[in-house]
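Okay, structure first, notes after.
The values are calculated or read from the model by the stated rules, or taken from the named source; none is laboratory data. If you're wondering where the values come from, they're calculated on a predicted model, not measured in any experiment. Note that we place each Cβ from the backbone using ideal geometry, even for glycine, and neighbour counts take in every protein chain shown. Only protein heavy atoms, including side chains, enter the accessible area calculation; ligands, DNA and RNA are left aside. Shrake-Rupley method; radii C 1.70, N 1.55, O 1.52, S 1.80 Å.
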Amino acid sequence: MPIRNILVAFNGSETSETALHAAMQLHRRYDAHVTGILAHSGQRDRFSRRAWMPENVRSMLSAAVAEDEERVETLFRSLTAEHVPAEKLHWITLYGEPDSTVAQYACMYDLTLVGKYDAVSGRDNADVHPEQIAMQSGRPVLMVPARPAEGSLHRRAVLAWDGQRAATRALNDAMQLLEADQPVDVISIGDRHVRPPLKGVDVVKALARHDVAATRIRKSEVTDSVGADLLSYCKEVDAGLLVMGAFERSVFREELFGGTTKHVLMHAELPVLISH
């Protein structure tokens, strides 16, 4: 099923602008609806129910937050005005914890786009994390680290494959993006967690039945780390998209030991589609 409904986490930062740029590319290809969402835990709403808050202070906070919301929406509309028709452009502003709020909305969309998290963006109350949104929503999230060139999402794609549940989910979610004439490399790095192929069918054959021509790449040795080796391979083949499952082992182990998901999202220089 082609992409028809796109959600973009947009908070006015440079990284969220890169996500919006990618969303407009997808709109041009699929004629999809594009919805921008600003979810923030602002001071106005945090203190609005406190009885001790003076009314004049409450009013000042409310005005400041409303002004900031309007500024972000205005920027969103100015960037999309000449690229997305009004009937397919939508905007949502909400108070709430950004990751969980965006994740709730992501459940209703084909694909959610998020800019690369920037720890020094200065918008802590509106920053979002793609891995958290994917984990909480169960929907695919496309993290865009830099403004991709036109058509880059449809250059060579690399699918990180170990045969586990998360990679299988990522494979199926990626079907929305993969084109019949798009080269796809299915890569496994290390043998420890890679399931052996099934009798009678494998991932390449499954893709071929969707008219996607894939090449199987196996690297039995991990030279640095799985995440670093994945990104090195993507750079080597000039890939335009990396597809991977997120948090296959556990969120706790990823957070504690700094696993593949975290490494890729922190260091990727190409768009990454993640699923959980």
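Against the criterion of being under 21 Å from Glu236 (Cα atoms), loosely packed, with under 12 Cβ neighbours inside 10 Å and of a type in the set (Ser, Thr, Tyr), Ser220 qualifies. Just to be sure I understand, how many residues within segment 228-264 are in a helix (DSSP H, G or I) and modelled with pLDDT of 90 or more? Summing the residues that are in a helix (DSSP H, G or I) and modelled with pLDDT of 90 or more in segment 228-264 gives 10.
Taking into account only those residues within segment 149-172 that are over 16 Å from the mean Cα position of the chain (by Cα) and of a type in the set (D, E, K, R), which is modelled with the highest pLDDT? Out of the qualifying residues, it is Arg156. Looking across segment 76-90, just one residue is free of Cβ contacts under 8 Å to residues at least 60 places away in the same chain and open to solvent by less than 40 Å² (accessible area, probe 1.4 Å), and that is Leu89.
Which one is modelled with the lowest pLDDT, of the residues in segment 94-125 that are open to solvent by less than 50 Å² (accessible area, probe 1.4 Å) and more than 23 Å from Val272 (Cα to Cα)?
If we take residues in segment 94-125 being open to solvent by less than 50 Å² (accessible area, probe 1.4 Å) and more than 23 Å from Val272 (Cα to Cα), then Gly96 is modelled with the lowest pLDDT.
Selection of segment 139-148 for residues being under 13 Å from the mean Cα position of the chain (by Cα) and open to solvent by less than 20 Å² (accessible area, probe 1.4 Å) yields Pro140, Val141, Leu142, Met143, Val144.
Scanning segment 169-208 for residues that are small (Gly, Ala, Ser) and closer than 20 Å to Ala239 by Cα yields a total of 5. Of all residues in segment 1-56, those being part of a loop (DSSP other than H, G, I, E, B), at pLDDT 95 or above and either open to solvent by less than 40 Å² (accessible area, probe 1.4 Å) or closer than 10 Å to Leu113 by Cβ (or both) number 2. Scanning segment 195-202 turns up no residue that is touching a Phe, Trp or Tyr at 6+ places or on another chain (Cβ under 7 Å) and not in a loop (DSSP other than H, G, I, E, B). Among residues of segment 196-213 that are open to solvent by less than 90 Å² (accessible area, probe 1.4 Å), those with a beta-carbon under 8 Å from a residue that is aromatic (Phe, Trp, Tyr) at least six positions away or on a different chain give the pairs Val203/Trp161. When residues in segment 149-180 are screened for being open to solvent by 10 Å² or more (accessible area, probe 1.4 Å), in contact (Cβ under 8 Å) with a residue 12 or more places away in the chain, on the phi < 0 side of the Ramachandran plot and in a loop (DSSP other than H, G, I, E, B), 11 of them pass.
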